[in-house]
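In what follows, a single structure is set out as structure tokens and then discussed.
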Amino acid sequence: MKILVIQQKMIGDVLTTSILFEVLRAKYPDAELHYLINSHTLPVVENNPFIDEFVFFTKEIENSKTEFYKFLKRIKAEKYDTVIDVYGKLSSNLISYFTKAETKISIKKSYSSFLYNHTFKDSKTPKTNAGLAIENRLQLLQPLLGKIPQPIKPKIYLTNTEIEKTKAFLISNSIDLNKPLIMIGVLGSDLSKTYPFEYMASVLDYIIETYPDVQLLFNYIPKQLEDANAIYNLCKVETKKRIRLNVFGKSLRDFICITHFCDALIGNEGGAVNMAKALNTPTFTIFSPWIDKAAWSLFENGTTNISVHLKDFKPELYKNTTYKAIKKDYSNFYNYFKPEFLLDNLTVFLKNL
């Protein structure tokens, strides 16, 4: 059996969907399992022992009709028996069709369901603490397994060489691995997913006031340096002394390796949080007001994985509106999300480290 799983989207999506391969490998140990992803997301699934081959959807393929058609012909030549299209985008609809697979599985959409043998409607209410992102993916395996599998956590696989190299890097940069080390997801993927700078600085001040020996690292990419510096400059003097702004991952894989050595990740919801959870690093997640917490609050337990959302504290703001409308007015909603709302939950989290 030859199976293609398609997940064309962000890093967190690609990592989360990788759980399907672990389940498929247990059921079909001799199957050939391929994963179609955007090329830049490879670092979160690199070395995954359950995936036989990666198929990359590149920018060139995405932006050129000629290259896309050549890609479709290559996909057809692979002669897949089964295709699982996780999100059902227009491009993945075409890819699924061109596979000519006997079994095609996807989510239910009015305009594309006719292309698939089996379609499933996303649930809106989670049944477990795994979260909807996990549960809705696992239901796609029902036609192959005869039932919906039990939730499992995504995993990231690091090599011993990567771990030793990163350890040496941290020590060479005066990081004391015998003292608490916390990664701060200081910036979201854009401002609509970024806790206000002055609020984040207040949270960091609270952490250092409570635990003065903690070492803080910022997760950011070089083009975000100006914003990372802006938050740093809003912090108190004692907090600044505990932030190692110059110690950061220059690549996605570097960030993952550094996070492996951290005692926790605290910050904005996004791919960094999903990666930390896949490394079994405790997480404290601040959700954007317009993101549905039920979908991405994966494996929350009230101790080592805690998340907070404006709706938890100000549910009245969410009456007679939609997440789509809130996104357009995210700045105003963020203003309501005061740092003091977070502190009780953050205190519980820090005590459990």
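Computed extension gain for ASN178 through GLU102, at 0.36 nm per residue and net of the alpha carbon distance, reaches 21.9 nm.
The amide H of ASN38, built 1.01 Å from its N in the peptide plane, has LYS9, PHE57 as neighbours under 5 Å, considering only residues 5 or more places off or on other chains. Converting the Cα gyration tensor eigenvalues of region 163-351 into ellipsoid dimensions via √(5λ) gives semi-axes, longest first, of 27, 17, 16 Å.
Site pair LEU145 and TYR69 shows an inter-label distance of 4.0 nm when each label is modelled 7 Å from Cα along Cα→Cβ.
Summing Lys and Arg as +1 and Asp and Glu as -1 over all other residues whose Cβ lies under 14 Å from the Cβ of GLY88 gives a net charge of +4.
Among the trypsin sites (Lys or Arg not before Pro) in region 268-353, those located in a DSSP loop and surrounded by at most 12 other Cβ atoms within 10 Å of their own Cβ are LYS319. In sequence order, region 19-25 has phi-based couplings of 4, 4, 5, 4, 5, 4, 5 Hz under the Karplus curve 6.51 cos²θ - 1.76 cosθ + 1.60, θ = phi - 60°, and Gly or Pro positions carry x. Counting Cα-Cα pairs of region 92-249 in 5 Å increments starting at 0 gives whole-percent bin shares of 1, 7, 12, 12, 11, 10, 11, 10, 10, 8, 5, 2, 0.
As a rough footprinting exposure proxy, the listed residues LYS73, LYS240 were ranked by other beta carbons within 10 Å of their own, and the order from fewest upward is LYS73, LYS240.
Legend: calculated FRET efficiency, ALA168 to LYS338, from the Cβ-Cβ distance at R0 = 45 Å, rounded to 0.05, equals 0.65. Annotation: extensible slack from SER91 through PHE56 equals 11.3 nm (criterion: 0.36 nm per residue apart, minus Cα-Cα distance). Ordered by the number of other Cβ atoms lying within 10 Å of each residue's own Cβ, fewest first, SER307, SER297 fall into the sequence SER307, SER297. The residues packed around ILE19, meaning those with a beta-carbon under 9 Å from its beta-carbon, carry a net charge of +2 if Lys and Arg are +1 and Asp and Glu are -1.
Once the Cα atoms are used to define both axes, helix 197-210 deviates from the longest principal axis of the chain by about 60 degrees. The 3J(HN,Hα) values that the Karplus relation (6.51, -1.76, 1.60; θ = phi - 60°) gives for region 64-81 are, in residue order, 10, 4, 5, 5, 5, 5, 4, 4, 4, 5, 5, 4, 4, 5, 6, 6, 6, 7 Hz. Gly and Pro appear as x.
Share of pairwise Cα-Cα distances greater than 23 Å in region 2-145 is 30 percent (whole percent). Any idea how far the Cα center of region 305-328 sits from the one of region 55-83, in Å? About 39 Å separates the Cα centre of region 305-328 from the one of region 55-83. Taking the Cα centroid of region 257-301 and of region 119-192, what is the distance between the two, rounded to the nearest whole Å? After rounding, the separation between the Cα centres reads 8 Å. Taking the inverse of the mean reciprocal distance over all distinct Cα pairs, the Kirkwood hydrodynamic radius of region 8-74 comes to 12.8 Å. The residues packed around SER331, meaning those with a beta-carbon under 14 Å from its beta-carbon, carry a net charge of 0 if Lys and Arg are +1 and Asp and Glu are -1. Cα extents for the chain along the principal axes, largest to smallest and rounded to whole angstrom: 63, 53, 39. Computed from Cα positions, the angle between helix 90-99 and the longest principal axis of the chain comes to roughly 40 degrees. Taking Cα atoms only, the orientation of helix 160-172 departs from the longest principal axis of the chain by about 20 degrees.
Read-outs: derived from the displayed coordinates by stated rules, not from any lab. Remember, predicted model here, so these are calculated numbers, not experimental data. Positions of Cβ are generated from backbone atoms using ideal geometry, with glycine treated the same way; all protein chains shown enter the neighbour counts.
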